[in-house]
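Quick notes on the structure that follows.
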Amino acid sequence: MEIEDRSVDDALAGVEGEGARGAIKRITQRPNPRVCRVVALPAPNDREKTQWYFQRYAPHLPAGGEIVLFDRSWYNRAGVERVMGFCTEDDVEEFFRSVPEFERTHIAEAPW
């Protein structure tokens, strides 16, 4: 894989076990760790719970020439967090309103 000035971030979906983590392991075996990194955000702390949901992810987004693999996607808000009761239905509705604009902005601002 050749990395130029482009940035790549990806969230891999999979089932537990050899799903997403197995794919991440295979992807990260070869690239230089300074170029390719994995981000697995822990549960939000009390301060982070008061922030805009995507604020936790933004500092980890890649710069030009970097690859970032998110072990836990922001789509957890609509799936796991919802099912496990970690967020309210209002939180989920706000997520669905916000995610398209967040992703469009991320793509538009990417250094390609």
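Read-outs throughout are calculated quantities, based only on the coordinates presented, and are distinct from any laboratory measurement. As the structure is a computational prediction, the values presented were derived from the model and not from experiment. Reconstructed Cβ throughout: ideal geometry from the backbone, glycine too, with neighbour counts over all protein chains shown.
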Inset, instruction - Multiply the residue separation of Val83 and His106 by 0.36 nm, subtract the distance between their alpha-carbon atoms, and state the gained length in nm to one decimal. - result: 5.6 nm
Legend entry - Estimated dipole of segment 52-106 in Debye, rounded to 20 [Cβ of Lys and Arg +1, of Asp and Glu -1, Cα centre]: 140 debye
